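The values are calculated or read from the model by the stated rules, or taken from the named source; none is laboratory data. None of the values given here were measured: they were computed from a predicted structure. For neighbour counting, all protein chains shown are included, and Cβ atoms are generated from backbone atoms with ideal geometry for every residue, glycine included.
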Amino acid sequence: MSHIPEDVALTRPVEQTHPDNLPDAKDPNDVVAALHQLLDKSEQHDDVRMSILGISVSFYGRLGMHLMFYGGTQIKLLHNRTVETVLRDLSLRQGKVYDSPESVKSIPSFIQTYSIALDELEQPDVTKYKCFNDFFYRKLRPGMRPVQHADDPLGFCSAADSRLTVYPTVEAAHTFWVKGNNFSIASLLGVEQGSDQARMFEGGSVAIFRLAPADYHRFHSPIDGVVGDVHDIPGQYYTVNPQAVNESGFDVFTDNKRSILYMTHSQSNAPIAFVAIGAMLVGSILWTVKKGDTVKRGEELGYFAYGGSTVVVLFPKSLMQFDEDLLKNSDVPIETLVKVGQSIGHSLLPTAGFNPASVLRGGDVNSSEESSASATATAGATAEAAGGSWDVWGLSSKCTVL
């Protein structure tokens with residue numbers, strides 16, 4: 001398969017707003033005023049090009065970066081309680097705007113601005129959508145995102161229509177892409193450093209799927225597997241633009257609101273952590289599967305409402321071999337444009353080869369010292385001894401689905 005590097009992708013609509021015309025940010029009040037001004041425009045104009053979604057290049061890339069990420073002073077503003085509060089309020093307010101029946105008038109201009117292919121949609125008649133959000137998390141017709149190598153039990157596929165970066169270790173991702181000082185497996189999962197949950201993915205690999213506002217916003221399973229628990233983590237609504245992610249003084253992925261779906265890979269019995277991360281103007285992360293469901297690669301797991309965001313998938317050590325073109329692009333680093341169902345790599349483990357007990361002891365993930373049943377029992381006993389009510393992967397059974 002040939003992925004398309006973003007730097008050679010087709011030209012997208014260009015936002016006319018220029019950073020030189022934007023106010024300089026010296027204190028939190030400047031940021032708050034600018035954000036309110038943008039939202040007011042969004043509510044007043046039928047043309048989505050005059051709204052926050054329509055000027056996403058400016059809002060996520062130019063205005064957001066200009067106001068918040070050019071220099072240490074601006075970065076510190078985002079940690080100001082006033083700015084944090086207004087970002088949360090604006091996200092909720094914008095969600096109400098796009099949930100209202102009146103918001104359907106923005107759909108035609110959105111389609112025109114982003115060249116949305118209506119023939120791909122399950123419902124191509126735009127008059128059938130009840131609100132803008134209804135169109136935003138639109139469904140595709142069956143067969144529009146076929147799974148590559150669907151008969152290969154070792155295969156993994158893209159979880160979203162997105163811009164993808166992949167790294168063989170979380171440490172490599174931290175070096176090349178995610179520069180936040182506090183980024184780690186434990187902080188991403190919202191657990192204690194050294195906990196069973198964090199240790200299960202220690203030395204593991206990571207795939208980062210970044211969705212833009214115009215993208216199809218339903219996310220799909222990258223594996224054949226079984227759905228486990230969901231763990232919801234409250235947080236901020238910062239932009240997931242690469243410039244923010246690459247800023248060392250800012251922790252986008254570990255500060256933002258996120259919801260973690262734990263899964264078990266059918267072929268290897270390995271755990272997978274599917275982390276859906278909210279962003280600026282993304283007020284909802286919704287799951288369409290429940291614990292115990294069996295899913296195939298490419299089947300839907302859930303969706304984001306109103307806005308662009310990110311999915312981060314964690315794989316345990318020695319499980320994932322990413323496709324070579326993805327690794328080369330990510331090392332540059334540049335993002336690769338992918339669609340749901342496209343190949344991203346394959347499993348390196350034999351059938352039922354993952355041994356959780358060995359991992360928790362610091363051994364090989366594929367240790368054959370214990371049977372699969374014994375390994376599961378040992379891992380469960382380890383978690384109980386730690387004083388928690390955990391399943392085999394260390395996730396509390398008390399977590400609830402959104």
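Applying the condition of being among the polar types (S, T, N, Q) and out of contact with any Pro (no Cβ under 9 Å at 6 or more places or on another chain) to the range 343-367 and asking which residue is farthest from Y303 (Cα to Cα) yields S367. If only residues of the range 348-365 that are small (G, A, S) and outside any helix (DSSP H, G or I) are counted, the one that is surrounded by the most Cβ atoms within 10 Å (Cβ to Cβ) is G353.
Please verify whether the range 138-147 includes one or more residues that are surrounded by fewer than 21 Cβ atoms within 10 Å (Cβ to Cβ), at pLDDT below 60 and in contact with a Phe, Trp or Tyr (Cβ under 8 Å, 6 or more places away or on another chain). Looking for residues that are surrounded by fewer than 21 Cβ atoms within 10 Å (Cβ to Cβ), at pLDDT below 60 and in contact with a Phe, Trp or Tyr (Cβ under 8 Å, 6 or more places away or on another chain), one finds none in the range 138-147, hence no. Can you confirm whether the range 346-362 contains a residue that is of a type in the set (G, A, S), at pLDDT 85 or above and under 25 Å from R258 (Cα atoms)? No, every residue in the range 346-362 fails to be of a type in the set (G, A, S), at pLDDT 85 or above and under 25 Å from R258 (Cα atoms).
For (1) within 24 Å of S184 (Cβ to Cβ); (2) out of contact with any Gly (no Cβ under 9 Å at 6 or more places or on another chain); (3) of a type in the set (G, A, S), each residue gets a yes or a no:
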| residue | (1), (2), (3) |
| --- | --- |
| K291 | no, no, no |
| V295 | no, no, no |
| G298 | no, no, yes |
| L301 | no, yes, no |
| S318 | yes, no, yes |
| E324 | no, yes, no |
| K328 | no, yes, no |
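Among the residues of the range 116-167, those identified as within 29 Å of Y98 (Cβ to Cβ), touching a residue at least 40 places away in the same chain (Cβ under 8 Å) and part of a loop (DSSP other than H, G, I, E, B) are I116, Y137, R138, K139, R145, S158, A159, A160, D161. If you go through the range 334-347 and keep only what is part of a loop (DSSP other than H, G, I, E, B) and surrounded by 16 or more Cβ atoms within 10 Å (Cβ to Cβ), you end up with E335, K339, V340, G341, Q342.
The residues of the range 216-234 that are small (G, A, S) and part of a strand (DSSP E or B), listed by number, are G225, G228. Among the residues in the range 243-250, are any at pLDDT 70 or above, over 30 Å from D151 (Cα atoms) and of a type in the set (D, E)? No - not one qualifying residue is present in the range 243-250. Check the range 316-334 and report whether any residue there is charged (D, E, K, R), at pLDDT 95 or above and closer than 15 Å to F219 by Cβ. Checking the range 316-334: not a single residue is charged (D, E, K, R), at pLDDT 95 or above and closer than 15 Å to F219 by Cβ.
Being of a type outside the set (V, I, T) and assigned to a loop (DSSP other than H, G, I, E, B) is the filter here, so list the residues in the range 316-333 that pass it. Across the range 316-333, the qualifying residues are P316, K317, S318, L319, D323, P333.
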